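Comments concern the structure below.
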Amino acid sequence: MTKIVNHWIGGKTAEGASGTYGPVTDPATGEVTTKVAFASVEEVDAAVAAAKEAYLSWGQSSLAARTTVLFKFRALLDAHRDEIAELITAEHGKVHSDALGEVARGLEIVDLACGISVQLKGELSTQVASRVDVSSIRQPLGVVAGITPFNFPAMVPMWMFPLAIACGNTFVLKPSEKDPSAAVRLAELLAEAGLPDGVFNVVHGDKLAVDRLLAHPDVKAVSFVGSTPIARYIHTTASANGKRVQALGGAKNHMLVLPDADLDAAADAAVSAAYGSAGERCMAISAVVAVGAIGDTLVEKIRERAEKIKIGPGSDPASEMGPLITKAHRDKVAGYVAGAADEGAEVVLDGTGYTVDGHEGGHWIGISLLDKVPTSARAYQDEIFGPVLCVLRTETYEEALDLINSSPFGNGTAIFTRDGGAARRFQLEVEAGMVGVNVPIPVPVGYHSFGGWKDSLFGDHHIYGNDGTHFYTRGKVVTTRWPDPADAPTGVDLGFPRNH
């Protein structure tokens, strides 16, 4: 019997009423294992209404009450991390260790939310004028929404909702319809932790559900992570409807390798950053820029390591890389490799014909490595979102920096060098929101904020960290003057001397 994933509205399962369902496929087999209910406009409205009703009390609740729930949720999440990782593997395809890592990174933001009391402290200036004080406070927005991608079905939602609800907002999540089960399990754990009904809701669906959230007058802010074209659409549409927006888009992350770098360390980093999670992550390194004469040696070291990666079902402990999310995406990724030679690249490794015995119907693709890739090639210009690594060659640091800064994307980047002065120049001169120095995937820890520049981010706020707290609250400044009690009207004695 096919499993059905329903919505979560008002603290309980809400069976799909639209009659429309989407398929959820096991990427390792290609078989449809689950159906997910797609929400109608009325069902989205019901979730927003539940969140709006819950906000009346949750928005006025004490910080202690909110963090008590979050501490309980954290304990439950920790206890169920293997279970959630298995749900991720079954629907996304990533190997179990990658799925566990995803849950662990989500836990970091729950930790941050548990300490929200510190983040929400206001400011006070006394005696700015005679008997006048000025204070600033931060207050929740109301109902906020999150629209999240398939590649991190647990982590990216946890980049959003823990901080949002800790700040006093209520939340409506629209997860990817390709792997929806993790989001519903998180909702169940929140309910078990004591979160009041309606504070956190989940609606599944496609563009219809997304557009309703973008237009709904009771949704005050929208957070999004996904591709650049959709991020631009989310930002434009939601902003036009008067909403606060943070929309994180795509990437083409470069790893600059200088001639003095430890090439073994650089090759190890390039392989893990390019092919981990099958390249389906916005912080994957998809372009290595080799400076000077090291290119041939570096490419050979990458090839040697890449050929040893064990590809198989994510449920197999021996697997180091799983399949891609859908057959259509697998075919799209393969197309970049198939056309690379005609566009001037040298195909060092071609993984497009890879299959796994006993799982021939899965969405398999092997490791691909392209060398001497021209900047005009589609494989360089586009975000491939698969296990394809491009190597580009430059003669100088300046040429490499210009190449990187010419990219329309500015999500993350890295430099590998032994020279501290070169690394310092790079981190100041490169046009990207996150920089690694001998660190290939510079995803910030939870108490710093994640976000890129240029076409990798639309909106003013990065996600989680201090930016996350500011995004989910709005500031208010209060100027106060009180008469001195000694100046009370005649006949009212407050016990203060009148000889001041």
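Please give the charge dipole size of the chain, origin at the Cα centre, charges +1 on K and R Cβ atoms and -1 on D and E Cβ atoms. Round to the nearest 20 debye.
Charge dipole of the chain: 1580 debye, to the nearest 20.
Below 8 Å between Cα atoms, with a sequence gap of 6+, how large is the relative contact order for the chain in percent?
So the answer I get is 18 percent.
Using a 10 Å cut-off on Cβ atoms, rank the peptides 289-296, 276-283, 167-174 from the highest mean neighbour count down.
So the order, starting with the most tightly packed, is 167-174, 276-283, 289-296.
Could you compute the net charge surrounding Arg418? Neighbours are other residues with a C-beta less than 12 Å from the C-beta of Arg418; K and R count +1, D and E count -1.
Local charge sum for Arg418: -3.
5 Å is the cut-off here: which amide hydrogens, built 1.01 Å from N in the peptide plane, fall below it relative to Tyr354, excluding neighbours closer than 5 in sequence?
Residues meeting the criterion, in which the H sits 1.01 Å from N, are Gly366.
Below 8 Å, C-alpha to C-alpha, sequence gap of six or more: please give me the relative contact order for the range 68-180 in percent.
Taking the mean separation of contacting Cα pairs over the length of the range 68-180, I get 28 percent.
Treating only the Cβ of Lys, Arg, Asp and Glu as charged (+1, +1, -1, -1), what charge dipole size does the range 392-484 show about its Cα centre? Round to the nearest 20 debye.
420
Provide the percentage of antiparallel DSSP beta bridges, counting only those with both residues in the range 1-126; round to the nearest 5.
75
Reported to two decimal places, what Rg/Rh ratio describes the range 306-376 when computed on Cα atoms with Rh from the Kirkwood expression?
1.01
Can you give me the Cα centroid spacing of the range 415-470 and the range 290-318 in angstrom?
So the two Cα centres are separated by 25 Å.
Return the lysines within reach of Lys327: Cα separation strictly under 18 angstrom, same-chain partners fewer than 8 residues apart disregarded; answer none if there are no such residues.
Lys35, Lys94, Lys178
Find, among the GluC sites (Glu not before Pro) in the range 282-338, those assigned to loop by DSSP (not H, G, I, E, B) with at most 14 other beta-carbon atoms within 10 angstrom.
Glu307
Tell me which of Ile230, Ala193, Leu213 sits at the most positive position along the dipole axis of the range 177-245, charges placed on C-beta atoms (Lys, Arg +1; Asp, Glu -1).
The listed residue farthest towards the positive side: Ile230.
Amide H of Leu256 versus every other amide H placed in the peptide plane: which residues, excluding those fewer than 5 positions away on the same chain, fall under 5 Å?
Sorted by chain and number, the residues that satisfy this are Val289, Ala414, Ile415, Phe416.
Pop out the ³J(HN,Hα) list for the range 403-415 in order, Karplus 6.51 cos²θ - 1.76 cosθ + 1.60 with θ = phi - 60°, rounded to Hz; leave Gly and Pro as x.
Each residue of the range 403-415 in turn: 4, 5, 6, 7, 5, x, 8, x, 7, x, 7, 8, 10 Hz.
Could you derive backbone 3J(HN,Hα) for the range 272-278 from the dihedral phi with the Karplus parameters 6.51, -1.76 and 1.60 (θ = phi - 60°), listing whole Hz in sequence and x where the residue is Gly or Pro?
5, 7, 8, 10, x, 6, 6
Tell me which of Ile4, Val271, Pro157 sits at the most positive position along the dipole axis of the chain, charges placed on C-beta atoms (Lys, Arg +1; Asp, Glu -1).
Pro157
Please identify the GluC sites (Glu not before Pro) of the range 327-433 that satisfy two criteria: DSSP loop assignment and at most 10 other Cβ atoms within 10 Å. Which are they?
The qualifying sites are Glu360, Glu395.
Could you go through the range 93-103 in sequence order and give the Karplus-derived ³J(HN,Hα) for each residue, using 6.51 cos²θ - 1.76 cosθ + 1.60 with θ = phi - 60°, rounded to whole Hz, and x for Gly and Pro?
x, 5, 5, 4, 5, 5, 5, 5, x, 4, 5
For the cross-link pairs Lys12/Lys174; Lys301/Lys372; Lys52/Lys243; Lys243/Lys454, which exceed 18 Å when the distance is taken from alpha carbon to alpha carbon?
Lys243/Lys454
Which residues' amide hydrogens lie under 5 Å from the amide hydrogen of Thr34, considering only partners 5 or more residues apart or on another chain, with H built in the peptide plane?
Correct list: Val24.
Defining a contact as two alpha carbons under 8 Å apart and six or more residues distant in sequence, what relative contact order in percent does the range 1-151 show?
It rounds to 19 percent for the range 1-151.
Quickly work out the Ser136-to-Val347 label distance, labels modelled 7 Å from Cα along the C-beta direction, and quote it in nm with one decimal.
In this crude spin-label approximation the distance works out to 5.7 nm.
Using only the C-alpha atoms of the chain, find the volume of their convex hull and express it per residue in Å³.
175
Please report the carbon-and-sulfur percent of the accessible area for the chain; probe 1.4 Å, protein heavy atoms only, DNA, RNA and ligands left out.
52
Taking a probe of 1.4 Å, how large is the accessible area per residue of the chain, in Å²?
So the chain comes to 41 Å² accessible per residue, rounded to a whole number.
Calculate the dipole size of the range 12-108 relative to its Cα centre from +1 charges on Lys and Arg beta carbons and -1 charges on Asp and Glu beta carbons; express the result in debye to the nearest 20.
With Lys and Arg at +1 and Asp and Glu at -1, about 460 debye.
The values are calculated or read from the model by the stated rules, or taken from the named source; none is laboratory data. As the structure is a prediction and not an experimental result, all values here were calculated from the model. Every residue, glycine as well, gets a Cβ built from its backbone with ideal geometry; the counts of neighbours run over all protein chains shown. To get the accessible areas, we keep the full protein, side chains included, count just its heavy atoms, and leave off ligands, DNA and RNA. Shrake-Rupley method; radii C 1.70, N 1.55, O 1.52, S 1.80 Å.
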